[in-house]
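Scroll down for the structure; my scribbles are underneath it.
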């Protein structure tokens, strides 16, 4: 099963077109709320290939879905503190772009995954498995802890579960 989660409307449109031409089962995880546009109008979706949205030398944030916008905001906040951050959009969680992840892990002091999904069985777990097998790296996760989900507005839930740009910044600062 191919597992995908787009970061914005531009990526969603191209992703749906791509999977309509793909031979095999796909699961696309979509959020409920509107998100910032993080991809440019000339963006070209490629199944299985992550997208580098920002280059930095200190930390790598690997995000999926609506957390890409939060990672971009966090990278700007961290830049104000003199921390240079790469931001990678992983829209295809399975198959994972291991080559891109390993390339950035090798040039970073820390890898932080960002997802609005459980810490177990999602992007963070997949990245941790890739790194542990190929290039052990200091890593942290910004994700939902092992808890029952609740109902609420997307903004309130993002705040409740610690998934804001501020929470990403705090995770980075605490890890370094």
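Here, each number is a calculation from the coordinates, and none is a lab measurement. What you see is a predicted model; the values in this text were computed from it and never measured. No Cβ is skipped: glycine too gets one built from the backbone with ideal geometry, and neighbour counts run over all protein chains shown.
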Whole-number percent relative contact order across the stretch 53-125, with pairs defined as alpha carbons under 8 Å at least 6 apart: 44
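Report the relative contact order of the stretch 21-98, percent, no decimals, based on alpha-carbon pairs under 8 angstrom and at least 6 residues apart.
About 37 percent, as a whole number.
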DSSP beta bridges in the chain: the antiparallel percent, rounded to 5, is 20
Quick one: which of 60-70, 44-54, 113-123 comes out on top by average Cβ neighbours within 10 Å, and what's the full order, highest first? 60-70, 113-123, 44-54
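By per-residue mean of other Cβ atoms within 10 Å, what is the highest-first order of 98-107, 7-16, 154-163?
7-16, 98-107, 154-163
Given the -39500 (n - 2.57) contribution per DSSP H run of 4+ residues, what per-residue ellipticity at 222 nm results for the chain, rounded to the nearest 500 deg cm²/dmol?
That comes out to -11000 deg cm²/dmol.
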Candidates 87, 28, 111: whichever shows maximal mean-square fluctuation once the chain is modelled as a Gaussian network with Cα springs under 10 Å: 28
Would you mind calculating the relative contact order of the chain from Cα pairs under 8 angstrom and at least 6 residues apart, reporting the percent as a whole number? 22
Mind checking which of 128, 143, 79 has the largest fluctuation in a GNM of the chain, springs on alpha carbons under 10 Å? 79
Where is the GNM fluctuation largest for the chain (alpha-carbon springs, 10 angstrom cutoff): 56, 31, 149? 149
Extent of the chain along each principal axis, from alpha carbon coordinates, in Å, largest to smallest? 43, 38, 32
